[in-house]
Amino acid sequence: MSALFGNYGRRPVHLVKGQGTKVYDEAGKEYLDFTSGIAVLSLGHANPILVNAIKEQSEKLWHISNLFDSPEQEQLAATLVKDTHLAHGFFCNSGAEANEAAIKLARKHTGKHTIITFQQSFHGRTFGAMSATGQTKVQQGFGPLVEKFIHVPFNDVTALEAAVDDEVAAIMLEVIQGEGGVNVVSDEFGKAIAKICEEQGILLIVDEVQTGIARTGTRYAYEQIALKPNIVTLAKGLGGGFPIGAMLGTAEMYDTFSPGTHGTTFGGNPLAVAVAQTVLNHVFEKSFLREVMKKSDYFKEQLAKALPADKFSVKGRGLLLGLGCGEAVAPLITKAEEAGLLLVGAGEDVIRLLPPLTVTYEEIDAAIVILAGILIN
Ligand SMILES: *Cc1c(COP(=O)(O)O)cnc(C)c1O
């Protein structure tokens with residue numbers, strides 16, 4: 001009997017160290033990590049610049065709480081909103097917490113309750129975030145859920161228009177549904193959302209927990225479909241492996257989160273902030289972002305060459321790619337692992353390809369060789 005709850009279907013591999021894209025189990029077997037700890041390790045495993053950032057901060061100050069000024073949090077928030085229409089940041093510890101903050105802010109700001117989200121979306125496991133999530137398997141057995149979430153079919157303009165009324169506080173959207181199958185918002189749907197929000201005074205919350213922080217080749221994925229969210233949530237890649245989440249909002253939102261309205265003990269902890277600032281100093285560089293796009297183009301081209309197009313489809317943006325396989329992917333993921341490639345699924349029949357943003361072209365080639373060996377037979 002395990003001393004842990006059985007809420008994860010864990011794979012029987014004990015990983016003990018990593019460097020860049022490579023990880024090693026206790027027997028010394030090497031794997032290419034194309035999960036990045038689920039889109040978290042933006043700069044790879046044990047990147048010396050992050051090791052150094054945490055070492056330096058750990059010798060100065062670990063924790064102070066939010067009772068005191070934090071110029072470091074100020075700087076991190078300023079870096080996140082620089083050259084955007086957003087103005088303020090709030091720090092927490094995870095994606096679900098960032099979404100909780102967003103849901104609370106949207107309700108309090110508008111005085112309305114309804115939030116429209118989408119089928120197959122994933123927003124986290126806390127009550128608000130779970131209720132927002134458009135997958136019944138995530139909610140089963142935990143009701144009653146938080147009220148007033150409406151789950152509309154993704155990329156369906158007519159269904160969205162039909163769901164809108166004057167009770168709606170916000171629309172909450174993943175630009176690419178990560179967990180749900182690497183489903184990308186269509187241009188048409190993006191435009192319809194922008195128009196509805198603008199015309200009806202509905203807030204737009206973009207959940208960038210998985211897509212944000214350079215994962216899709218721009219700082220935020222919303223930039224690529226010209227949306228102007230009022231609220232943006234972040235986590236996964238932000239800390240490069242150290243837990244941190246964030247919610248960003250426009251200047252109009254400022255007064256709604258007045259002193260005492262919301263908070264967290266650990267949020268914006270000095271260790272997390274020091275690491276996240278170092279991550280941003282690298283991944284927000286224009287040259288770094290261009291390189292993510294180049295690797296993405298290369299990865300997609302090579303996949304298309306290696307795999308028959310009638311069976312496999314490549315989707316996604318940047319280094320958040322999905323490989324539609326037309327069959328259940330769990331057994332394929334196990335075979336890849338045996339062959340030294342770590343992968344994670346999205347939905348039932350999609351393999352997610354999430355290497356560190358620092359992945360090399362040689363590592364992409366090596367991953368494709370393994371994939372082709374498993375998928376074509
Ligand atoms: C992972 C994820 C979350 C939840 O983040 P946690 O840190 O696990 O709470 C929320 N939204 C999206 C889009 C995610 O991918």
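Suppose the filter is in the same structural domain as Phe242 (by TED's automatic domain parsing), under 26 Å from Arg317 (Cα atoms), touching a helix residue (DSSP H, G or I) at 6+ places or on another chain (Cβ under 8 Å) and touching a residue at least 24 places away in the same chain (Cβ under 8 Å); does Leu61 pass it? Break it down stepwise before answering.
On the way: in the same structural domain as Phe242 (by TED's automatic domain parsing): yes; under 26 Å from Arg317 (Cα atoms): no; touching a helix residue (DSSP H, G or I) at 6+ places or on another chain (Cβ under 8 Å): yes; touching a residue at least 24 places away in the same chain (Cβ under 8 Å): yes.
No: the conditions fail for Leu61.
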Based on this model, can you work out whether Gly345 counts as part of a strand (DSSP E or B) and over 19 Å from Gly373 (Cα atoms)?
no
Here the residues within the stretch 203-228 that are buried (at least 24 other Cβ atoms within 10 Å of the Cβ), touching a residue at least 40 places away in the same chain (Cβ under 8 Å) and within 12 Å of Ile171 (Cβ to Cβ) are Leu203, Ile205, Asp207
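Restricting attention to the stretch 1-26, which residues are surrounded by 12 or more Cβ atoms within 10 Å (Cβ to Cβ) and acidic (Asp, Glu)? Please lay out each step first, then the result.
First, pick out the residues of the stretch 1-26 that are surrounded by 12 or more Cβ atoms within 10 Å (Cβ to Cβ): 13, 15, 17-25.
Hit for the stretch 1-26 is Asp25, nothing else.
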Return the residues of the stretch 253-288 that are part of a loop (DSSP other than H, G, I, E, B) and either free of Cβ contacts under 8 Å to residues at least 12 places away in the same chain or buried (at least 22 other Cβ atoms within 10 Å of the Cβ) (or both); say none if nothing qualifies.
Ser258, Pro259, Gly260, Gly267, Gly268, Asn269, Glu285
When you look at Gly134, is it within 13 Å of the ligand (Cβ to nearest atom), assigned to a loop (DSSP other than H, G, I, E, B) and of a type outside the set (S, T, N, Q), yes or no?
yes
How about the stretch 229-252: which of its residues are surrounded by fewer than 24 Cβ atoms within 10 Å (Cβ to Cβ) and within 13 Å of the ligand (Cβ to nearest atom)?
Gly241, Phe242, Pro243
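Being small (Gly, Ala, Ser) and in contact with a Lys or Arg (Cβ under 6 Å, 6 or more places away or on another chain) is the filter here; which residues of the stretch 161-196 pass it? So that I can check it myself, show each step before the final result.
So the first thing to find is which residues in the stretch 161-196 are small (Gly, Ala, Ser), and the list is 162-163, 169-170, 178, 180-181, 186, 190, 192, 194.
The answer is Ala169, and nothing else.
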May I ask you to list the residues in the stretch 137-182 that are touching a strand residue (DSSP E or B) at 6+ places or on another chain (Cβ under 8 Å), within 16 Å of the ligand (Cβ to nearest atom) and in a loop (DSSP other than H, G, I, E, B)?
Phe154, Glu174, Val175, Gly178, Glu179, Gly180, Gly181, Val182
Val369: β-branched (Val, Ile, Thr) and buried (at least 17 other Cβ atoms within 10 Å of the Cβ), yes or no?
no
Between residues in the stretch 230-245 that are in contact (Cβ under 8 Å) with a residue 60 or more places away in the chain and of a type in the set (Lys, Arg) and residues that are buried (at least 24 other Cβ atoms within 10 Å of the Cβ) and not in a loop (DSSP other than H, G, I, E, B), which pairs lie under 9 Å by C-beta distance while being six or more apart or on different chains?
Lys236/Ser36; Lys236/Ala39; Lys236/Gly95; Lys236/Gly245
Taking the stretch 3-60, which residues are modelled with pLDDT under 95 and over 24 Å from the mean Cα position of the chain (by Cα)?
Pro12
How many residues does the stretch 309-336 hold that are in a strand (DSSP E or B) and in contact (Cβ under 8 Å) with a residue 24 or more places away in the chain?
8
So Ile205 clears everything in (1) within 15 Å of the ligand (Cβ to nearest atom); (2) in contact with a Gly (Cβ under 9 Å, 6 or more places away or on another chain); (3) not acidic (Asp, Glu) except one condition, right? Which one?
(2)
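The values are calculated or read from the model by the stated rules, or taken from the named source; none is laboratory data. Worth saying up front: this structure is predicted, and the values here are computed from it rather than measured. In this analysis, Cβ positions are derived from the backbone assuming ideal geometry, glycine residues included, and neighbour counts consider all displayed protein chains.
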